[in-house]
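Heads up, the thing below is written out as structure tokens.
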Amino acid sequence: MLIGAYVNVVLLLLTLVMEVIVVCFLLSTLGRLPYQLEIAMLAIFSLICLYGTLASLANSIFRKELLPLGPPLLKATQEKADKTPPPPPCSIATSRKTSGLLSISKLLDAGGVCGVPTDTVYALAASCKHPQAIEKIYNIKDRPQEKPICICISNLEQLSTAKPPFSPLLWEFMRNVYPGGISCIVKKGEWLNKLGVGPAYDRVGTKESIMIRVPDHTVTAHLCNMTGPLAITSANPSGEPDSTHHDMVITRLGHKISGVLCDGESNEAVGSTVVNCLKIDEGTITIIREGCFPAAQVRHIFEKVKNSME
């Protein structure tokens, strides 16, 4: 009967009548039960069973409560407690609200590491104003120190204001592939200080080169406009698959980072295609890693640009 009280009124009544019937049977064996009462109890039991069966069948077929079964008379407090979600391991913000972008940008400006969406997969980001935050990324991911981290900017105009000494061929190639799922490796130089990378100069890229990302993603672009250049790498423990949803970032790395900018499912299942442009002036580029952008298409674009400038 107690179990019925936790489910609905019909089951409670059915349980109650069954218990009365059991008592009736005991009295019947002793010859102390009026025959009419026994018949009445069995009739009530049959009616409740019939109603409960019809109600359950109708409600399940039409997927709505056509015949009411009644609310539970008792509520399980423990069940409510179990349904209360645990607090998130880090600050959670939504990309659909300006307040979400502002909260993540504040965490980055304060030297935190955050999970952010890009046009490919989710990334761990740190502000180039805080070299120690970039060092945290290596520790969070267990990333080998010999693997360089790239920088992310909002658009190509942001790069052009720093006036890097790129050749016309390199500029034209970048105009044809940015924004998009490509990372270009170029020579380092003093121009990075004008771009805003200054404090993190020695913590991004290698001694001679730097990899640049210009994601085709509105949220990432706005975030870079708010914070300046970001040092980014994929948001996954080193050696494990990329994170394609903010839940994966929270589950795997949430306890190690400051916050996550939630944007749902990522646009791609793999990272960017990495292109070495250090010898582009010699008429050569090298595909270091093929990602979401097909290597054949990258080469086609390069040949088209190169031929147009001859």
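The values are calculated or read from the model by the stated rules, or taken from the named source; none is laboratory data. Quantities reported herein were computed from a predicted structural model and do not represent experimental measurements. All Cβ positions, even for glycine, are placed from backbone atoms using ideal geometry, and neighbour counts span all protein chains on display. Ligands, DNA and RNA are excluded from the accessible area calculation, which covers all protein heavy atoms including side chains. Shrake-Rupley method; radii C 1.70, N 1.55, O 1.52, S 1.80 Å.
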Using a simple spin-label model with points 7 Å from Cα along the Cα→Cβ vector, what separation in nm is obtained for residue 106 and residue 194?
3.4
Relative contact order computed over region 102-240 (Cα-Cα under 8 Å; 6+ residues apart), in percent:
39
Which length gain, in nm to one decimal place, applies between residue 56 and residue 295 when the Cα-Cα distance is subtracted from 0.36 nm times their residue separation?
80.2 nm
If you add up the charges near residue 118, with Lys and Arg at +1 and Asp and Glu at -1, over every other residue whose beta carbon is less than 11 angstrom from its beta carbon, what do you get?
-4
Carbon plus sulfur fraction of accessible area for region 161-310, probe 1.4 Å, in percent:
49
Work out, step by step, the length gained on full extension between residue 308 and residue 218: first 0.36 nm times the residue separation, then minus their alpha carbon distance; give nm to one decimal.
29.4 nm
Solvent-accessible area per residue for region 83-185 at a 1.4 Å probe radius, Å²?
44
Name the trypsin sites (Lys or Arg not before Pro) in region 196-270 that are in a loop by DSSP and that have at most 10 other C-beta atoms within 10 Å, would you?
207
Surpassing 22 Å at the alpha-carbon level, of the pairs 207/279; 136/163; 187/306; 147/188; 279/304, are 136/163
Output for region 90-185: trypsin sites (Lys or Arg not before Pro) sitting in coil per DSSP, at most 13 other Cβ within 10 Å, listed by number, reads 96, 97
Sequence gap at least 6, Cα distance under 8 Å: using those rules, report the relative contact order of region 263-310 to the nearest whole percent.
32
Region 75-165: C-alpha gyration tensor shape, a/c 1.5 cut-off, then a/b vs b/c:
prolate
Work through the residues other than residue 306 whose Cβ is under 12 Å from its Cβ and net out their charges, Lys, Arg +1 and Asp, Glu -1.
-3
Once the Cβ-Cβ distance between residue 99 and residue 139 is put in as r, and R0 is 30 Å, what FRET efficiency do you end up with, to the nearest 0.05?
0.55
When the chain is fully extended, how far beyond the present Cα-Cα distance does residue 225 get from residue 288, taking 0.36 nm per residue of separation?
19.8 nm
